Amino acid sequence: MKSVRFLMIGGFLGAGKTTTLARLARFYRDRGQKIGLVTNDQAQDLVDTTSLRAQGFPVEEVPGACFCCRFDDLISKVEQLESSQRPDVILAEPVGSCTDLVATVVQPLKDLYGDRFEVAPYPVLFKPGHGLRILKGDKNGGFSPKAAYIFRKQLEEADAIVLNRIDELDAATMAELTDLVHAAFPGTPLLRLSAKTGQGFAALTELLDQRGNFGRKILDIDYEIYAEGEAELGWLNSSIRVVADKPLSVDALLLDVISRLHEALNQLGGEVAHLKAIALSDTSFGVANLVSSQSITELSLPSRTEAKALDLIVNARVALDPELIAQQVRQTVIAACTASSAKAEFHTMQCFRPGRPQPTHRYAAAK
């Protein structure tokens, strides 16, 4: 039986993992390979899963904790994809606040399932906005040192660091980031690309096509700091049914929801790691997101449609008390719907702080 190529793309919340996975999925499909995707989140109602499915990709989801703590669920979901899709390539997206994935996911896969999976190099996406401030040691970096610790550890275990969003960077900023990454992680290859536009993307596919003994950087990591850093983030997933008497602009509603939420969270002093919303009508879907408190709301996947009824999913990852995030999501969604002469019916609202990571396996040394 031939082995399945397993590709996992790491990176902090808002680094662009979902956009990267979607572009990779199209690349492999166009190359004639069958694909399967596995997403991961701390809760149900994940925008990324819904978005990828809406784009026509076969997707399974591991909810409830990161891959390291749900390793057996990851294997189960991959097996479901193997049964239904017979994929040549599995693309996996871990939770953006998780690290230590080489010791807890890559090494167990290679050791326990080496006859079934061929593990590709492990790249980690670098998020420029927060990354620049964290690597410079900016006291106004947006996150506490414990959350910044996770950001650094994610990059430390990478086979290659991928500077994403280069379409948003000027030459001076790109040069500064390049110098900072090389100084902080000497010897780790650095790629530069835009998952959004495709610029520089060939370098990533060439990296992922490489064969060899990758995924060997076992971290020296303090799980107390890791757990406390992750718990500083408030986590919210919510699903809402929106109904209007007359057709409303799906894209305008998405932008209004995220923009209003951005303003409300800024007033409370909550640093945004990522805000995402997807709206699905009978005929189309759209996605809007915000990747930091200092950035602007972006319509990443426009629907260009109007609808009288749609399903809205909102995900928020913010350095703020979860109950405060929930209050603001409820208020801003209602306000945005009212402004569009629509009504919002909340179906689910999950808000919490992530619990302490409890990996199923953790390898102390690379095999």
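Readers should treat all values here as calculations from the given coordinates under stated rules, not as data from a laboratory. Only a predicted model underlies this, so the values are computations on that prediction, with no experimental measurement involved. Here the Cβ is made from the backbone with ideal geometry for all residues, glycine too, and neighbour counts use every protein chain on show.
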(message) Can you compute the modelled spin-label distance between Asp167 and Glu345, with each label point 7 Å from Cα toward Cβ, in nm?
(response) 3.8 nm
(request) Grab the Cα-Cα distance for Lys139 and Ala175, subtract it from 0.36 nm times how many residues apart they are, and report the gain in nm with one decimal. (result) 10.8 nm
(request) May I ask you to list the residues of the range 266-306 whose amide nitrogen lies under 18 Å from a point 7 Å from Cα along the Cα→beta-carbon direction of Glu323? (result) 268-270
(request) Quick one: work out Rg over Rh on the C-alpha atoms of the range 185-283, Rh as Kirkwood radius. (result) 1.09
(message) Run the numbers for Gln33 and Gln199: contour at 0.36 nm per residue of separation, minus the present Cα-Cα distance, in nm.
(response) 57.5 nm
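Taking a 22 Å limit on the Cα-Cα distance, which of the listed pairs Lys196/Lys217; Lys217/Lys276; Lys17/Lys276; Lys34/Lys153; Lys196/Lys276 fall beyond it?
Long pairs (Cα-Cα over 22 Å): Lys196/Lys217; Lys217/Lys276; Lys34/Lys153.
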(request) Going by C-beta contacts inside 10 Å, put Thr18, Thr205 in order with the fewest on the left. (result) Thr205, Thr18
